[in-house]
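Below you'll find the structure, written out as structure tokens, and then a few comments.
The values are calculated or read from the model by the stated rules, or taken from the named source; none is laboratory data. Predicted, not measured: the structure shown is a model, and the values here were computed from it. Every residue, glycine as well, gets a Cβ built from its backbone with ideal geometry; the counts of neighbours run over all protein chains shown. SASA here: full protein model, heavy atoms, side chains in, ligands and nucleic acids out. Shrake-Rupley method; radii C 1.70, N 1.55, O 1.52, S 1.80 Å.
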Amino acid sequence: MTSFWLHTTVRMRQLRVAVVGAGAAGLCAARHILSRPDTFAPPVIYELTEQVGGTWFYEERTGSYDNGLPIHSSMYRDLRTNLPKEVMMFPDFPFDPQLPSFLPHQEVQRYLERYCQSHCITPHIRFSTVVKEVSPVTMVTEGKGPMTTWEVTSNDKSGSRITETFDSVFICSGHYSDPHIPPIPGLERFKGKVIHSHSYRHPEPFSGQSVVVLGAGASGLDISLELGRSNAQVTLSHGKPTLPFPLPYGVHQATPVEEIQEDGSLRFQDGSITQAQVLLLCTGYNFSYPFLDPARLGLEVQEHLVTPLYRFLVPPAFPSLFIIGICKIICPFPHFHCQVQFALAVLEGSVALPSRAEMEEEAQGEMVRKAERGVQLRHMLKMDKDQWDYAQTLAQTGRFPPLPPVTQSLYEEVWRQRQVHPQNYRQLNYRLVSDTQWEQQAGE
């Protein structure tokens, strides 16, 4: 085991931490850094937009901001959470108990704004600031061996460029902003409109139109149901087993799109053919960190995978860089809450990390085990049932309180309800009775 070098400097000076992004993960990082003033100086939080919230801030526009940068948020107008607030919340900061369990996105945005205000984070955020480069600077010092600091170069709204030095960087820029366009043969031959769900906002423009929705993940299913209610003729094309519940009138299922033919029609895997006016790609997002040089960091960034990351968090070659919230199919806010506290325990020196070689071996071993179970490359970072043991391990190692068991219990109940009643499960309301018990609200 090798103890992280930074803790030797704690008594001498506060550690400076940069946080990239002021969405939920970045705000969580800032809140916990600010709660440890003996160890850490107030963080510098770089935020691309003019507000907190990240993907939870609804932006009616699509395409680009006035400064030419692509719109970050993928939020659509009528989205409601698919997790109840009792599961979604940061464990130390509940939602307003008067609210229903399943919330419109505006309430989550308000919650994050309240979280920001309650922990006095706003003064430390640099809004409308683009991070251009995050690069390590390694120095050899007597007695301590190599020490790494980080240079963060950013541009503010006026265009002025500044480079600052930090002891650690938390990457909290999310992974729902760079649309993944699958390589569909003949896509350029499609004669209608091709749109990714990143740029979908509301269903009315598609009323009366024939729409092929590609992908039946959370967004694909949700958007298909919205479009069906707005009188679109929807073909939900996906590679999953046939969905085990009835879909509303106007929505039917098909196998994956295999090719766009010469005449612009879509041919499906089962050989059937259809014409459509709109092809709506609900095909997920790519990992994108334009401000990092992955090779220099010992990382490989692919469309759906970043490796190696020890505990899905730490590049073994540079253990003062933390990529928060890279995993999928998780309870995001509790997940961030655990990752951030583990990372700070590393920086404080209360967690001794293994050697670089050991961390790389563990990270690669995890990928090999998943591959042996038949997990596809693009699903390697999906946690789902593994998230609970993961959070428990972080808490035990980092010596902070674990997530209450009720979080997992209610998460699994809602997952069951969603499989059986995909259109109605959000009508239920829940209440936490204790750390181990929840109840469905009476009268629902």
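Within the stretch 118-140, the residues that satisfy the criterion of being under 15 Å from Glu151 (Cβ atoms) and of a type outside the set (Val, Ile, Thr) are Lys132, Glu133, Ser135, Pro136, Met139.
If the condition is being assigned to a helix (DSSP H, G or I), over 30 Å from Thr55 (Cβ atoms) and of a type outside the set (Asp, Glu), then the stretch 327-362 contributes Arg356, Ala357.
Evaluate the following for Ile223: is it at pLDDT 95 or above, surrounded by 13 or more Cβ atoms within 10 Å (Cβ to Cβ) and closer than 29 Å to Tyr425 by Cβ? When the stated conditions are applied, Ile223 passes them. From the list Phe287, Phe291, the lone residue that is at pLDDT 95 or above, open to solvent by less than 30 Å² (accessible area, probe 1.4 Å) and either part of a loop (DSSP other than H, G, I, E, B) or under 17 Å from Ala29 (Cβ atoms) (or both) is Phe291. Can we say Pro248 is exposed (fewer than 15 other Cβ atoms within 10 Å of the Cβ), closer than 22 Å to Pro104 by Cβ and not small (Gly, Ala, Ser)? Yes. Going by the conditions given, is Gly271 free of Cβ contacts under 8 Å to residues at least 12 places away in the same chain and open to solvent by 20 Å² or more (accessible area, probe 1.4 Å)? Taking the combined requirement at face value, the residue satisfies it. Just to verify a result, which residue in the stretch 186-202, among those that are over 25 Å from Thr55 (Cβ atoms) and open to solvent by 30 Å² or more (accessible area, probe 1.4 Å), is nearest to the chain's Cα centre (by Cα)? Looking at residues that are over 25 Å from Thr55 (Cβ atoms) and open to solvent by 30 Å² or more (accessible area, probe 1.4 Å), I get Leu187. Test Ile171 against the stated conditions and say whether it is open to solvent by 60 Å² or more (accessible area, probe 1.4 Å), out of contact with any Gly (no Cβ under 6 Å at 6 or more places or on another chain) and not small (Gly, Ala, Ser). Against the criterion (open to solvent by 60 Å² or more (accessible area, probe 1.4 Å), out of contact with any Gly (no Cβ under 6 Å at 6 or more places or on another chain) and not small (Gly, Ala, Ser)), Ile171 does not qualify. Looking at the stretch 76-133, which of its residues are of a type in the set (Val, Ile, Thr), surrounded by 16 or more Cβ atoms within 10 Å (Cβ to Cβ) and either within 22 Å of Ile45 (Cα to Cα) or over 18 Å from the mean Cα position of the chain (by Cα) (or both)? Val108, Ile121, Ile125, Thr129, Val130, Val131 - these are the residues of the stretch 76-133 that are of a type in the set (Val, Ile, Thr), surrounded by 16 or more Cβ atoms within 10 Å (Cβ to Cβ) and either within 22 Å of Ile45 (Cα to Cα) or over 18 Å from the mean Cα position of the chain (by Cα) (or both). Looking at the stretch 226-242 only, could you name the residues that are among the hydrophobic types (A, V, I, L, M, F, W, C) and either open to solvent by 10 Å² or more (accessible area, probe 1.4 Å) or under 27 Å from the mean Cα position of the chain (by Cα) (or both)? The answer is Leu227, Leu236. Within the stretch 300-313, residues that are touching a residue at least 60 places away in the same chain (Cβ under 8 Å) and closer than 18 Å to Pro290 by Cα reach partners that are among the acidic types (Asp, Glu) and open to solvent by 10 Å² or more (accessible area, probe 1.4 Å) with beta carbons closer than 8 Å, at six or more positions or on different chains, in the pairs Val306/Glu300; Thr307/Glu300. Within the stretch 391-444, being among the acidic types (Asp, Glu), at pLDDT 95 or above and not in a strand (DSSP E or B) holds for Glu412, Glu413, Asp435. Would the stretch 357-364 turn up any residue that is in contact (Cβ under 8 Å) with a residue 40 or more places away in the chain, surrounded by fewer than 19 Cβ atoms within 10 Å (Cβ to Cβ), of a type in the set (Asp, Glu) and within 20 Å of Val301 (Cβ to Cβ)? Among the residues of the stretch 357-364, at least one is in contact (Cβ under 8 Å) with a residue 40 or more places away in the chain, surrounded by fewer than 19 Cβ atoms within 10 Å (Cβ to Cβ), of a type in the set (Asp, Glu) and within 20 Å of Val301 (Cβ to Cβ), which makes the answer yes.
Matching residues to (1) touching a residue at least 24 places away in the same chain (Cβ under 8 Å); (2) among the charged types (D, E, K, R); (3) buried (at least 18 other Cβ atoms within 10 Å of the Cβ):
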position: Glu372; (1), (2), (3): no, yes, no
position: Arg378; (1), (2), (3): yes, yes, no
position: Asp384; (1), (2), (3): yes, yes, no
position: Leu394; (1), (2), (3): yes, no, yes
position: Phe400; (1), (2), (3): yes, no, no
position: Pro404; (1), (2), (3): yes, no, no
position: Glu412; (1), (2), (3): no, yes, no
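Close Cβ contacts (under 6 Å, 6 or more residues apart or on different chains) running from residues in the stretch 170-195 that are in a helix (DSSP H, G or I) to residues that are open to solvent by less than 70 Å² (accessible area, probe 1.4 Å) and not aliphatic (A, V, I, L, M) comprise Arg189/Gly264. Applying the condition of being open to solvent by 50 Å² or more (accessible area, probe 1.4 Å) and within 22 Å of Val108 (Cα to Cα) to the stretch 26-57 and asking which residue is farthest from the chain's Cα centre (by Cα) yields Glu50.
If the condition is being modelled with pLDDT of 95 or more, in contact with a Ser or Thr (Cβ under 7 Å, 6 or more places away or on another chain) and not polar (S, T, N, Q), then the stretch 131-149 contributes Val131, Lys132, Glu133, Pro136, Val137. Listed conditions (1) open to solvent by 40 Å² or more (accessible area, probe 1.4 Å); (2) in a helix (DSSP H, G or I); (3) in contact with a strand residue (DSSP E or B) (Cβ under 8 Å, 6 or more places away or on another chain); (4) of a type outside the set (Phe, Trp, Tyr) are all met by Pro205, apart from (3).
Against the numbered list (1) within 18 Å of Gly21 (Cα to Cα); (2) part of a loop (DSSP other than H, G, I, E, B); (3) hydroxyl-bearing (Ser, Thr, Tyr), Ser158 comes up short only at (1). Being surrounded by fewer than 15 Cβ atoms within 10 Å (Cβ to Cβ), farther than 22 Å from Arg77 by Cβ and touching a Lys or Arg at 6+ places or on another chain (Cβ under 8 Å) holds for only one residue in Glu258, Glu262, and it is Glu262.
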